[in-house]
Each structure stands twice: as structure tokens, then as C-alpha cells.
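Novice: Supplied in C-alpha cells, the structure appears directly below.
The values are calculated or read from the model by the stated rules, or taken from the named source; none is laboratory data. The structure displayed is predicted, hence computed values, not measured ones. Virtual Cβ from ideal backbone geometry, glycine too; neighbours counted across all protein chains shown.
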Amino acid sequence: MELLKILSELPGAPGREEKVREFIESKVKDLADEVRTDVMGNLICRKRPTSGNDDAPVVMIACHMDEIAFYVRQIDDQGFVRVHNLGGFDTRNLFARRVRIQTRDGEEIFGNLNPGGRPVHIASEKDRTKIPKVHEFFIDTGLDREELAEKVRPGDPVTLVQELVQLGDLVSGKCLDNRAACWVGVRLLEALKKTPYDVHVVFTVQEEIGLRGAITSGYDINPDISIAVDTTLAVDTPGVPEEEQITALGEGAAIKVLDAYMVSDKKLVDEFIALAEEREIPHQYEVLPMGGTDGGAMQRARSGSRAITLSIPTRYIHTVTETIHRGDLQATVDLLQAYLSE
Ligand code: ZN
């Protein structure tokens, strides 16, 4: 779990994934035949077909590196940092959060994120029930305005800080959406020895703000078969009826049938189900009414590709306590390895 801990704790705002990319590159550089970074910042790791066959089907696997985050908007007159969000935060989960600002000089400045307003002791009834908007939050860095303005400028990325911990068979921390899939991508490159496919494992950028890295890398690679690896909702927790839980933790890799951006290729769904049954790899179905993954972009790359998403069930998604099951993580690697191996 050491690899996942490092991946989870690294900052990687959409458009500023460089720290995650550099770390992954250091892990995979000897595991692929070609490793390169494209103009948008996608890290493309190619494993050629063992046969050397130039006509081998091209498979693209996308694991996005970015996390929902903020960018500095301004430093206000009182010396607090105001932010703009990239990605879908539930602001009810943003009270009293530790954050990290990455300055243009590479310095990291830590601070506390809170919404403006009165603490509970002096709050009115109305204050207590109010759900604040992102623009009402501010970061207290402890620095005076002048020093802060020297170091921090609009456009510096701001990410949440949280340590990854193990909870029994579960692992919990920040942005397991989608560093859990980055872990899968690295482990797959380690495990995959012989393959009949021309495999491109792509660690993509800017997924959380519209699948942007997968749009351009999908165009470049022009895959025949596309597989996104991402997290999905596991709402197997109190307060939600069973029919709305989407997936359950510990029940295996989720084979996506559809989400709001993509209907998976039926033949691929059938192939993955059959393979999982044959190899006794734990798996479950996923039908997700909202949201999407890089699969939706790759499916529509150029004239289209056969696409599917394999999902890692995740509780408390888009909070700093995202929680996954170690068995589901391994099942996802096993299923991909089984599919891609000769
Ligand atoms: Zn994701």
C-alpha cells in the first residue's frame, strides 16, 4: 500500500498534474517499451505486442491523474486567499480542511480552509442551516498580506491535504478518485508480460473538468478498444435504499454497463463478465445514472472505439475520506491482466 499512499497524498489539480506524473514516470519508465508525455501532460506508456505484429489491435487504458481542487482567485484585503473550484465539491464537506497551495517557485504553503461566518457558539439559527458556496470560503495561511502576495498569485493550485490510512481491509484517504486507478495502471504495467495487443496505458490529465486529456490522447492513439479505469459510487452505507447503492465495497471490480456519458460496448461487457467468471475474479455490474469517465471521451475518439470502464467501488466519493476495498483494487488489476495477456 506504500505506492497508493504516495499517489494519494501527492497534489494534482486539473492542469497541474506534474507531481503525480513525475512520480508515476519514475515507477514505469522501465516497464514499458515507450514512455512519453504529450503536449497536454498525458503520460503515455506503450507496451508493444509480443509478436511484433504491426496490425495488432490498439488498446488504450486511461487512468486520470487529476483530482478535484481549487485555483487561487485572489488575496483579499484582510490577507485571506480566495479560491475558484475545479470539479464537483460538496461544500458541506469543506469546513475546517487543511489545504496546500503550490506557489510558482515550487514552495508549498499550508493553510486552513473555512467558510466565512460565525462559529457555532455565536451562530444564529439561520447561520447553522446555511450551506455556503465555494466563493464564500477563505484560506488562512498565517502569513501577512504582503508576504502572502509575494509568494502566492492568482492561478496557483490549491489541493486538500489528508493522510492515507488503512481501516481493516479498507483504505481511506484523499483523491482515491482517481489515484486508485493510477495504482492499477502501474501494477498492470508491472504484471503484463506477453500481450497480443498494442497496449497504451495513459495517465490522463483534466478528467474532472470534462475528460479533456482523454479527448486529445484518444485522438492521438486512435484505439480500437478503450478501457477507462476509474472509481464509482459505493453507497452501501446508512440512509440510502439498497436499489440506489450502485456498487458495494468488497464485491469486486465493477464492470460498467452505462453512465451518463457512455453505454459500454456490449461485446466488451460480455467478454469481461465471461473472463471474470472463468478466472473467478470478483466482479459486479455497474449502472450509474449520473457522471462519466474518460471512457466517454475515448469511445468518441476520431471515428469511435469499442469502450468500457472498469470501476473501483468507492465510498464518500469527492471527500477526503474516499474509501475503497483492497480486494476490489486487486480484482481490477487481475481482470485487466487476464484480458490483455496472451
Ligand atoms: Zn474519477
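Novice: Specify which of the listed residues (312, 255) is assigned to a strand (DSSP E or B), within 30 Å of residue 216 (Cβ to Cβ) and in contact with a His (Cβ under 7 Å, 6 or more places away or on another chain).
Specialist: After applying the criteria, what remains is 255.
Novice: Next question. Out of everything in the stretch 265-314 that is more than 18 Å from residue 251 (Cβ to Cβ) and hydroxyl-bearing (Ser, Thr, Tyr), what residue ends up being surrounded by the fewest Cβ atoms within 10 Å (Cβ to Cβ)?
Specialist: The extreme case among them is 303.
Novice: Only residues that are in a loop (DSSP other than H, G, I, E, B) and within 16 Å of the ligand (Cβ to nearest atom): list them for the stretch 190-212, please.
Specialist: 205, 206, 207, 208, 209, 210, 211
One line per residue, one yes/no per condition, for (1) aromatic (Phe, Trp, Tyr); (2) within 21 Å of residue 184 (Cα to Cα):
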residue: 273; (1), (2): no, yes
residue: 276; (1), (2): no, yes
residue: 289; (1), (2): no, no
residue: 297; (1), (2): no, yes
residue: 305; (1), (2): no, no
residue: 310; (1), (2): no, yes
residue: 316; (1), (2): yes, yes
residue: 321; (1), (2): no, yes
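Novice: Scan the stretch 214-236 for residues that are in a strand (DSSP E or B) and farther than 16 Å from residue 305 by Cβ and jot them down.
Specialist: The answer is 230, 231, 232, 233, 234.
Novice: Considering the stretch 1-41 alone, what residues qualify as being more than 19 Å from residue 159 (Cβ to Cβ), of a type in the set (S, T, N, Q) and in contact with a helix residue (DSSP H, G or I) (Cβ under 9 Å, 6 or more places away or on another chain)?
Specialist: Result: 37, single match.
Novice: Out of all the residues in the stretch 131-152, which are exposed (fewer than 13 other Cβ atoms within 10 Å of the Cβ) and closer than 21 Å to residue 94 by Cβ?
Specialist: 131, 133, 142
Novice: Take residue 58 and tell me if it is in the same structural domain as residue 185 (by TED's automatic domain parsing), touching a residue at least 24 places away in the same chain (Cβ under 8 Å) and more than 17 Å from the chain's Cα centre (by Cα).
Specialist: It is true that residue 58 is in the same structural domain as residue 185 (by TED's automatic domain parsing), touching a residue at least 24 places away in the same chain (Cβ under 8 Å) and more than 17 Å from the chain's Cα centre (by Cα).
Novice: Report yes if residue 307 is over 24 Å from residue 193 (Cβ atoms) and aliphatic (A, V, I, L, M), otherwise no.
Specialist: Considered against the rule, which asks whether it is over 24 Å from residue 193 (Cβ atoms) and aliphatic (A, V, I, L, M), residue 307 comes out as yes.
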